[in-house]
Structures are given as C-alpha cells and as structure tokens.
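Q: Below: one structure in structure tokens.
The values are calculated or read from the model by the stated rules, or taken from the named source; none is laboratory data. The structure presented is a predicted model; accordingly, all values stated were derived computationally and were not measured. Cβ coordinates were reconstructed from backbone atoms using ideal geometry, including for glycine residues, and neighbour counts include every protein chain displayed.
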Amino acid sequence: MVTLGIETSCDETAAAIVVDGAVLSSRVSSSVHLHAKYGGVVPEIASRYHVEYISRVCKLALKDAGKKLEDIDLVAVTETPGLPGSLLVGIAFAKAVGFAGNIPVIGVNHVDAHILSCFLDNKDALAPFPFLGVVVSGGHTSIYHCKSLEDFHLIGRTKDDAAGEAFDKIAKMLGLGYPGGLIVEKRAAKFKGKDEIHFPRALLKGSRDNIDFSFSGIKTAVMYYWRSSSKTEKEKTKICFSFQEAIIDVIEKKISRALKLTGVKRLALGGGVVNNALLRGRLKALLEKKRIELYLPKKEYCGDNAAMVAFLGEKYFKYGKKKKHFLNEVV
Ligand code: KG4
Ligand code: ZN
C-alpha cells in the first residue's frame, strides 16, 4: 500500500511516501529561518510559506520515491493539533490531491504520529501494546498510556511551557539565536566547570503520582540569574549546562513515575527535543537499568516530518475503526 503523507501543522512543510511501513522518501522544507528574527514561529508567515512550497515538496517526495499520483492508494494529513492557518493549507491540499486522484484522505493527530515515529522503517511493526508514548517537542511535553492503536490515554502533560519551548526561550533570553534546542545543547557541551547553578526542578509536589510537567518556573529562575550575572560568555555556557541538566532531570523523574504508575515495560519516545544527545543517553541508561524496552526515533524523524503522518494514516487505514475517518467522500 502506497501512502502520501502531508504535514503542515507548524513551520515545516513536509511530504513523504511510505509503503507498508517503510519510508521511500521524506522531504521537509522549513520556514524556521524566516521566524528566527522574531524568536518564535509567526503563524501568518508559516502559513504563507506552506502555500508557496506544499506543491513542490509533494512533487519532490513523489519523485524521490519513483512514484506518480496514480500509484497513491491513500493520502494521510495532519488534522490537529497545530496552527489553524498552517493546518488548513495541508488539509486543503490533501483533499485536492484526493479529489484529483479519487484517493481516500485520512486525517491524523500530529502528537500520536510523533509517538509512532520511532517505529518508522521498522517493516510495518509496532511495539506490542501497551507502552508509554512520550512526546517532548516545541509544542508538547506529554505522556500517554498507549493501550491499543486507537487508545492513547493522556496521563501527564505540561501545565505551561513545553520543554522545547523552554529551550527556545532560554536561547532567546541569552541572545543565542533560534531555534534554541541545538544551540543550548552545543553550548552546554562546552561547560567544563564544577560550579553548576542549581535551577529548580518542578516536580509538582502534592502527590508522588503527579506526572504533569511545568517548565515556566525554571525559565523565570534563569531570567533572574541572568539579570544579576556578569553576562559573560562563560556565564551563558554555565546557564545552558545547568538549565539542560534541570530539564532532563525532570523528564527522567516523570518518566520513572509514569512507568511505576502504569507498570508498562516499553516506552516509545518522539518529538524535536529527542534530538538532544544527552536526553537520549540519559533515558537509554535509565531504562536499561529498569529493564524497560526503549524505542527511539532516528534523528531525521524526531522533528516534524510527514513520514510519521503517512505511517499512522496507513495503520488506521489497515487496522483502525474509530480513528479511521476520511476527510473526503470518495470512499
Ligand atoms: O517536534 P518539533 O520539530 O516541533 C513541534 O512539534 O513542536 O520540535 C521542535 C522543538 C524546538 O523547540 C527545538 O528547539 C527543539 O525541538 N529541539 C531541541 C533539540 N533539537 C530541537 N531541544 C533540545 N535539544 C536539541 N538538540
Ligand atoms: Zn511536532
């Protein structure tokens, strides 16, 4: 089965061809450079970029895969969550392709697609259910108890900022650029001192079962520290290191709690922040110790991409019932 995936929920215009779980092509064109001077995504700029590039990106994905429109059996498109104007471009384009080729168009949830991104290129195979699905990205920091393909139950989420958003805001505060994740990670790797700053780890006390996140407090703590610091490059490096340690400590702790609470033995991780080498390493070590099987996405599938959208759409089409809903009327 040949699926064309389309993703336009935020600032990446992406298209991919997936055949029975295997990725034949995956193209991503990002408007991130246009948002850099604002230090965050400007919705209007993002949607205009999608309008300009969606057609070209789809054509390239088809060409890379050696496929034509006539070969497509299914179109899968991100339906929610995301910036409304950006989502609309992808959905309208997907419906047009469906209409032109008389192809069914299926809508998928972007966060659910991130959860399954670690199974891409895995020959149609998912981990056996149940497993924990953890998404750490610029828009989400959430933990799901995934009981079946169509039952992803949200058990923990951020109360304020997402982890990636916190990385971006810290980088902006320190004048380091945008997006902040990779910049902060690289900067933190340069820290050689022993005088780490102890930024707060918000574990949201009250219940040891609490697996929600909060990252706004650490952002404020960094802001106050930075205001009264000597504002040297050395200080920036120390802040990046200490901030990253605090964020990863919290993610580790919440994942440990969620595993204990649910008793599941497998964990699937996804989202842009999973690019972070320290986070990947720390979670690998933690889960190995706990004898939990960890599924990590390849680096190219951590951030927003359309291969994960095609993959999930194909799964719904083949095995879905309640989430197998079509956005057009051709089936
Ligand atoms: O999944 P994604 O591409 O978009 C959303 O769905 O949000 O994630 C983008 C986020 C940005 O906030 C970016 O700063 C963060 O992922 N990110 C990282 C790293 N690479 C990207 N955060 C920490 N370390 C990284 N290496
Ligand atoms: Zn995403």
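Q: Scan the range 95-111 and report the pairs whose first residue is within 16 Å of residue 73 (Cβ to Cβ) and whose second residue is crowded, with 24+ Cβ neighbours inside 10 Å and among the small types (Gly, Ala, Ser), with Cβ atoms within less than 8 Å and a gap of 6+ or a chain change.
A: 104/98; 105/76; 105/94; 105/98; 106/76; 106/313; 108/76; 108/313
Q: Might you check whether a residue that is of a type outside the set (Gly, Ala, Ser) and within 17 Å of the chain's Cα centre (by Cα) occurs anywhere in the range 186-209?
A: No, that holds for no residue.
Q: Of the numbered conditions (1) at negative phi; (2) assigned to a loop (DSSP other than H, G, I, E, B), residue 291 fails exactly one; give the number of that condition.
A: Just one mismatch for residue 291, condition (1).
Q: Just the residues that are among the β-branched types (Val, Ile, Thr) and away from ligand 2 (no atom under 16 Å from the Cβ), please, taken from the range 270-298.
A: 292, the sole residue that qualifies.
Here's the yes/no breakdown for (1) within 16 Å of ligand 1 (Cβ to nearest atom); (2) over 24 Å from residue 33 (Cα atoms); (3) buried (at least 20 other Cβ atoms within 10 Å of the Cβ); (4) at pLDDT below 95:
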| residue | (1), (2), (3), (4) |
| --- | --- |
| 176 | yes, no, no, no |
| 183 | yes, no, no, no |
| 200 | no, yes, no, yes |
| 205 | no, yes, no, yes |
| 238 | no, yes, yes, no |
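Q: Still on this structure, I have one more. Quick one: how many residues across the range 120-137 are within 16 Å of ligand 2 (Cβ to nearest atom) and either in contact with a Lys or Arg (Cβ under 6 Å, 6 or more places away or on another chain) or modelled with pLDDT under 95 (or both)?
A: Residues that pass the stated criteria total 1.
Q: Given the conditions (1) within 14 Å of residue 86 (Cα to Cα); (2) part of a strand (DSSP E or B), and given that residue 3 satisfies all but one, which numbered condition is not satisfied?
A: (1)
Q: Out of the range 235-264, which residues are in contact with a Phe, Trp or Tyr (Cβ under 8 Å, 6 or more places away or on another chain) and basic (Lys, Arg)?
A: Correct list: 238, 254.
Q: Moving on to the next point. Would you be able to say whether some residue in the range 238-261 is touching a Lys or Arg at 6+ places or on another chain (Cβ under 8 Å), of a type in the set (A, V, I, L, M) and not in a helix (DSSP H, G or I)?
A: For the range 238-261, residues touching a Lys or Arg at 6+ places or on another chain (Cβ under 8 Å), of a type in the set (A, V, I, L, M) and not in a helix (DSSP H, G or I): absent.
Q: Which of the residues belonging to the range 266-292 are more than 12 Å from ligand 1 (Cβ to nearest atom) and either under 17 Å from the mean Cα position of the chain (by Cα) or in contact (Cβ under 8 Å) with a residue 40 or more places away in the chain (or both)?
A: Across the range 266-292, the qualifying residues are 266, 267, 268, 283.
Q: Starting from the range 130-158, take each residue that is farther than 18 Å from residue 80 by Cα and list its partners that are within 16 Å of ligand 2 (Cβ to nearest atom) and among the aromatic types (Phe, Trp, Tyr), counting only C-beta distances under 8 angstrom and pairs at least six apart or across chains.
A: Within 8 Å, the pairs are 132/144; 145/152; 146/152; 155/144.
Q: Could you pull out the residue among 292, 255, 251, 211 that is modelled with pLDDT under 95 and touching a strand residue (DSSP E or B) at 6+ places or on another chain (Cβ under 7 Å)?
A: Answer to the check: 211.
Q: Scanning for something more than 17 Å from the chain's Cα centre (by Cα), assigned by TED's automatic domain parsing to the domain that holds residue 316 and within 16 Å of ligand 1 (Cβ to nearest atom), does the range 109-121 turn up at least one residue?
A: No, the range 109-121 has no match at all.
Q: Shifting gears a bit: Counting only residues that are buried (at least 18 other Cβ atoms within 10 Å of the Cβ) and among the β-branched types (Val, Ile, Thr), which one in the range 20-37 is farthest from ligand 2 (Cβ to nearest atom)?
A: 23
Q: If you take the residues in the range 299-327 that are within 15 Å of ligand 2 (Cβ to nearest atom) and surrounded by fewer than 19 Cβ atoms within 10 Å (Cβ to Cβ), which one is farthest from residue 134 (Cα to Cα)?
A: Result: 300.
Q: Can you tell me which residues in the range 134-143 are within 15 Å of ligand 1 (Cβ to nearest atom) and in contact with a Leu (Cβ under 7 Å, 6 or more places away or on another chain)?
A: Passing the criteria: 134, 142.
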